[in-house]
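I have placed the structure first, in the form of C-alpha coordinates, so that the comments after it can refer back to it.
The values are calculated or read from the model by the stated rules, or taken from the named source; none is laboratory data. This structure is a prediction, so every number in the text was calculated from the model and none was measured. Positions of Cβ are backbone-derived with ideal geometry, glycine not excepted, and every protein chain shown enters the neighbour counts. Protein only, heavy atoms only, side chains kept; ligands, DNA and RNA dropped before computing areas. Shrake-Rupley method; radii C 1.70, N 1.55, O 1.52, S 1.80 Å.
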Amino acid sequence: MTETTDVMTASRAACDTEKTVIDFADGLPGLGDARSWKLFESEEIRPLLWLRCLDRPNLSLLLVDPRLVAPDYRPQLPKAQMARIGFESDHPLLILVVVALHEDKPATVNLRAPIIVDVESMRGMQVILEDDEQPMRYPLDGRDQHQQEWTGRSEPCSSSAERPVSQS
Amino acid sequence: MIGEEITVKVVEVRGQQVRIGIEAPPQVAVAREELHREVAATNKQAVRARKESAAALASLLRGKKREKGEAP
(Lines give C-alpha, C1' and ligand atoms only; values in the text may rest on other atoms or scores of the structure.)
Protein backbone atom coordinates (compact mmCIF):
# COMPACT_ATOMS: atom_id res chain seq x y z
CA MET A 1 0.00 0.00 0.00
CA THR A 2 2.99 2.30 0.30
CA GLU A 3 2.94 3.09 -3.39
CA THR A 4 -0.64 4.20 -3.27
CA THR A 5 0.23 6.42 -0.38
CA ASP A 6 3.10 7.86 -2.38
CA VAL A 7 0.87 8.67 -5.29
CA MET A 8 -1.68 10.29 -3.06
CA THR A 9 1.02 12.27 -1.32
CA ALA A 10 2.34 13.38 -4.66
CA SER A 11 -1.13 14.38 -5.77
CA ARG A 12 -1.55 16.39 -2.64
CA ALA A 13 1.72 18.14 -3.40
CA ALA A 14 0.47 18.78 -6.91
CA CYS A 15 -2.69 20.29 -5.49
CA ASP A 16 -1.09 22.40 -2.81
CA THR A 17 2.11 23.89 -4.08
CA GLU A 18 2.35 27.34 -5.60
CA LYS A 19 3.25 25.95 -8.98
CA THR A 20 0.13 23.90 -9.34
CA VAL A 21 -0.55 24.67 -12.97
CA ILE A 22 0.33 21.68 -15.09
CA ASP A 23 1.54 22.32 -18.60
CA PHE A 24 0.24 19.77 -21.13
CA ALA A 25 2.36 20.71 -24.12
CA ASP A 26 0.47 18.32 -26.42
CA GLY A 27 -2.96 19.12 -25.04
CA LEU A 28 -5.27 16.22 -24.28
CA PRO A 29 -6.75 14.04 -27.04
CA GLY A 30 -10.19 15.21 -28.07
CA LEU A 31 -10.08 18.33 -25.92
CA GLY A 32 -8.35 20.77 -28.22
CA ASP A 33 -4.92 22.20 -27.58
CA ALA A 34 -5.60 23.67 -24.14
CA ARG A 35 -2.32 23.38 -22.27
CA SER A 36 -2.89 24.71 -18.77
CA TRP A 37 -4.66 22.44 -16.36
CA LYS A 38 -4.82 22.28 -12.61
CA LEU A 39 -5.59 19.50 -10.12
CA PHE A 40 -8.23 20.02 -7.48
CA GLU A 41 -9.26 17.75 -4.69
CA SER A 42 -12.10 18.19 -2.28
CA GLU A 43 -13.64 16.31 0.57
CA GLU A 44 -16.76 15.81 -1.53
CA ILE A 45 -15.10 13.86 -4.32
CA ARG A 46 -12.24 12.19 -2.46
CA PRO A 47 -10.58 9.83 -3.56
CA LEU A 48 -11.28 11.32 -6.98
CA LEU A 49 -9.63 14.46 -8.30
CA TRP A 50 -10.65 17.10 -10.80
CA LEU A 51 -8.27 18.16 -13.53
CA ARG A 52 -9.63 21.52 -14.58
CA CYS A 53 -8.72 23.41 -17.69
CA LEU A 54 -7.57 26.96 -17.02
CA ASP A 55 -7.82 28.00 -20.67
CA ARG A 56 -11.41 26.87 -21.11
CA PRO A 57 -13.74 27.28 -18.16
CA ASN A 58 -16.16 24.42 -17.48
CA LEU A 59 -13.84 21.87 -18.99
CA SER A 60 -12.75 19.34 -16.42
CA LEU A 61 -11.86 15.70 -16.19
CA LEU A 62 -12.43 13.41 -13.27
CA LEU A 63 -9.31 11.43 -12.36
CA VAL A 64 -8.43 8.68 -9.96
CA ASP A 65 -5.31 6.95 -8.73
CA PRO A 66 -5.29 3.79 -10.88
CA ARG A 67 -4.04 1.62 -8.04
CA LEU A 68 -7.27 2.15 -6.20
CA VAL A 69 -9.00 0.56 -9.19
CA ALA A 70 -6.44 -1.99 -10.40
CA PRO A 71 -3.93 -2.67 -7.63
CA ASP A 72 -1.53 -4.45 -10.00
CA TYR A 73 -1.42 -1.64 -12.53
CA ARG A 74 2.19 -1.17 -13.66
CA PRO A 75 2.13 0.77 -16.91
CA GLN A 76 5.19 0.67 -19.16
CA LEU A 77 5.58 4.36 -19.81
CA PRO A 78 6.93 5.66 -23.12
CA LYS A 79 10.06 7.27 -21.69
CA ALA A 80 11.28 8.72 -24.98
CA GLN A 81 7.98 10.50 -25.65
CA MET A 82 7.95 11.83 -22.12
CA ALA A 83 11.53 13.10 -22.38
CA ARG A 84 10.59 14.93 -25.56
CA ILE A 85 8.24 17.21 -23.71
CA GLY A 86 10.58 17.76 -20.80
CA PHE A 87 9.98 14.99 -18.29
CA GLU A 88 13.10 14.27 -16.25
CA SER A 89 13.69 10.62 -15.46
CA ASP A 90 14.67 11.31 -11.84
CA HIS A 91 11.63 13.41 -11.04
CA PRO A 92 8.71 11.93 -9.14
CA LEU A 93 5.75 11.08 -11.30
CA LEU A 94 2.09 11.25 -10.59
CA ILE A 95 0.03 8.70 -12.50
CA LEU A 96 -3.70 9.14 -12.75
CA VAL A 97 -6.40 7.76 -15.00
CA VAL A 98 -9.44 9.42 -16.53
CA VAL A 99 -12.85 8.42 -15.17
CA ALA A 100 -15.79 8.37 -17.58
CA LEU A 101 -19.34 8.29 -16.29
CA HIS A 102 -21.98 6.63 -18.43
CA GLU A 103 -25.73 6.80 -18.34
CA ASP A 104 -26.32 3.14 -19.02
CA LYS A 105 -23.42 1.41 -17.31
CA PRO A 106 -21.05 1.78 -14.38
CA ALA A 107 -18.23 4.30 -14.48
CA THR A 108 -15.07 3.26 -16.29
CA VAL A 109 -11.44 4.32 -16.25
CA ASN A 110 -9.04 4.50 -19.16
CA LEU A 111 -6.07 2.32 -18.19
CA ARG A 112 -4.62 2.48 -21.70
CA ALA A 113 -4.10 6.23 -21.64
CA PRO A 114 -2.95 7.37 -18.19
CA ILE A 115 -2.26 10.99 -17.38
CA ILE A 116 1.30 11.43 -16.22
CA VAL A 117 2.56 14.47 -14.35
CA ASP A 118 6.18 15.30 -13.62
CA VAL A 119 5.56 16.70 -10.17
CA GLU A 120 8.72 18.81 -10.12
CA SER A 121 8.57 20.44 -13.52
CA MET A 122 4.74 20.34 -13.53
CA ARG A 123 4.61 19.03 -17.05
CA GLY A 124 1.83 16.71 -17.97
CA MET A 125 0.91 14.37 -20.76
CA GLN A 126 -1.70 11.79 -21.56
CA VAL A 127 0.24 8.87 -22.95
CA ILE A 128 -1.13 5.96 -24.95
CA LEU A 129 0.47 2.75 -23.77
CA GLU A 130 1.78 0.21 -26.26
CA ASP A 131 0.30 -2.55 -24.10
CA ASP A 132 -2.96 -3.39 -25.84
CA GLU A 133 -4.04 -5.51 -22.87
CA GLN A 134 -4.84 -2.31 -21.01
CA PRO A 135 -8.50 -1.48 -21.53
CA MET A 136 -9.75 1.99 -22.39
CA ARG A 137 -12.93 1.30 -20.45
CA TYR A 138 -12.16 -0.64 -17.33
CA PRO A 139 -14.96 -0.72 -14.76
CA LEU A 140 -14.11 1.48 -11.84
CA ASP A 141 -15.65 -1.08 -9.51
CA GLY A 142 -13.20 -3.73 -10.63
CA ARG A 143 -13.29 -6.47 -13.19
CA ASP A 144 -14.91 -9.11 -10.98
CA GLN A 145 -18.26 -7.56 -10.41
CA HIS A 146 -18.80 -6.13 -13.83
CA GLN A 147 -17.23 -8.64 -16.12
CA GLN A 148 -20.51 -9.26 -17.84
CA GLU A 149 -21.13 -5.64 -18.62
CA TRP A 150 -17.82 -4.97 -20.11
CA THR A 151 -17.10 -8.16 -22.02
CA GLY A 152 -20.58 -9.13 -23.08
CA ARG A 153 -23.45 -7.04 -24.20
CA SER A 154 -26.57 -8.95 -23.23
CA GLU A 155 -27.04 -8.30 -19.52
CA PRO A 156 -28.43 -4.93 -18.61
CA CYS A 157 -26.47 -3.61 -15.73
CA SER A 158 -28.14 -3.45 -12.40
CA SER A 159 -26.07 -0.94 -10.52
CA SER A 160 -25.36 2.51 -11.73
CA ALA A 161 -22.51 4.65 -10.53
CA GLU A 162 -24.80 7.60 -10.93
CA ARG A 163 -27.59 6.45 -8.73
CA PRO A 164 -28.18 8.72 -5.78
CA VAL A 165 -26.43 7.55 -2.68
CA SER A 166 -28.02 8.00 0.68
CA GLN A 167 -25.52 8.46 3.37
CA SER A 168 -26.08 6.99 6.77
CA MET B 1 14.35 -3.33 -38.65
CA ILE B 2 12.03 -2.25 -35.88
CA GLY B 3 9.64 -5.01 -35.06
CA GLU B 4 8.69 -7.04 -38.10
CA GLU B 5 7.25 -4.44 -40.34
CA ILE B 6 9.10 -1.18 -39.93
CA THR B 7 12.39 -0.68 -41.72
CA VAL B 8 14.76 2.24 -41.37
CA LYS B 9 17.18 2.59 -44.30
CA VAL B 10 20.00 4.94 -45.12
CA VAL B 11 18.91 6.07 -48.55
CA GLU B 12 21.77 8.33 -49.48
CA VAL B 13 24.99 9.65 -48.01
CA ARG B 14 26.17 12.85 -49.59
CA GLY B 15 28.99 14.72 -47.92
CA GLN B 16 27.82 15.59 -44.43
CA GLN B 17 24.21 14.73 -45.14
CA VAL B 18 22.52 11.42 -44.63
CA ARG B 19 19.05 10.73 -45.93
CA ILE B 20 17.10 8.16 -44.01
CA GLY B 21 13.98 6.44 -45.22
CA ILE B 22 11.39 4.87 -42.97
CA GLU B 23 9.14 2.19 -44.37
CA ALA B 24 6.08 1.20 -42.41
CA PRO B 25 2.91 -0.47 -43.54
CA PRO B 26 -0.01 1.98 -43.60
CA GLN B 27 -1.86 0.10 -40.87
CA VAL B 28 0.83 1.14 -38.34
CA ALA B 29 -0.06 4.80 -38.72
CA VAL B 30 -3.73 3.91 -38.97
CA ALA B 31 -3.62 1.94 -35.73
CA ARG B 32 -2.07 4.90 -33.89
CA GLU B 33 -4.67 7.20 -35.36
CA GLU B 34 -7.46 4.91 -34.25
CA LEU B 35 -6.08 4.64 -30.74
CA HIS B 36 -5.80 8.38 -30.53
CA ARG B 37 -9.38 8.71 -31.70
CA GLU B 38 -10.59 6.24 -29.10
CA VAL B 39 -8.76 8.07 -26.32
CA ALA B 40 -10.31 11.29 -27.60
CA ALA B 41 -13.75 9.67 -27.44
CA THR B 42 -13.25 8.52 -23.84
CA ASN B 43 -11.98 11.98 -22.87
CA LYS B 44 -15.00 13.62 -24.46
CA GLN B 45 -17.25 11.25 -22.55
CA ALA B 46 -15.31 12.00 -19.37
CA VAL B 47 -15.66 15.78 -19.54
CA ARG B 48 -19.42 15.36 -19.38
CA ALA B 49 -19.17 14.20 -15.78
CA ARG B 50 -21.20 16.41 -13.47
CA LYS B 51 -20.23 17.49 -10.03
CA GLU B 52 -23.14 15.66 -8.38
CA SER B 53 -22.43 12.39 -10.18
CA ALA B 54 -18.76 12.69 -9.27
CA ALA B 55 -19.65 13.15 -5.62
CA ALA B 56 -22.00 10.16 -5.72
CA LEU B 57 -19.33 8.00 -7.31
CA ALA B 58 -16.74 9.16 -4.78
CA SER B 59 -19.11 8.29 -1.99
CA LEU B 60 -19.58 4.79 -3.41
CA LEU B 61 -15.81 4.36 -3.58
CA ARG B 62 -15.35 5.49 -0.01
CA GLY B 63 -18.10 3.12 1.09
CA LYS B 64 -16.43 0.25 -0.70
CA LYS B 65 -13.16 0.96 1.05
CA ARG B 66 -14.86 0.91 4.41
CA GLU B 67 -16.41 -2.46 3.62
CA LYS B 68 -12.94 -3.81 2.98
CA GLY B 69 -11.86 -2.53 6.34
CA GLU B 70 -9.50 0.09 5.01
CA ALA B 71 -9.33 3.55 6.40
CA PRO B 72 -12.11 5.68 4.93
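Would you mind finding the one in B:Val18, B:Val28 that is outside any loop (DSSP other than H, G, I, E, B), open to solvent by 70 Å² or more (accessible area, probe 1.4 Å), modelled with pLDDT under 90 and touching a strand residue (DSSP E or B) at 6+ places or on another chain (Cβ under 9 Å)?
B:Val18
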Open item on the list: So, A:Leu39, is that one within 11 Å of chain B (Cβ to nearest Cβ) and surrounded by 15 or more Cβ atoms within 10 Å (Cβ to Cβ) or not?
Closed with: no
The condition from (1) open to solvent by 70 Å² or more (accessible area, probe 1.4 Å); (2) modelled with pLDDT of 90 or more that B:Ala58 misses is numbered (1)
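Touching a His at 6+ places or on another chain (Cβ under 9 Å) and of a type outside the set (S, T, N, Q) - does that describe any residue in segment A:86-106?
First pass over segment A:86-106, keeping only residues touching a His at 6+ places or on another chain (Cβ under 9 Å): A:105-106.
Then drop every residue that is not of a type outside the set (S, T, N, Q), which leaves A:105-106.
Yes, there is a match, as at least one residue in segment A:86-106 is touching a His at 6+ places or on another chain (Cβ under 9 Å) and of a type outside the set (S, T, N, Q).
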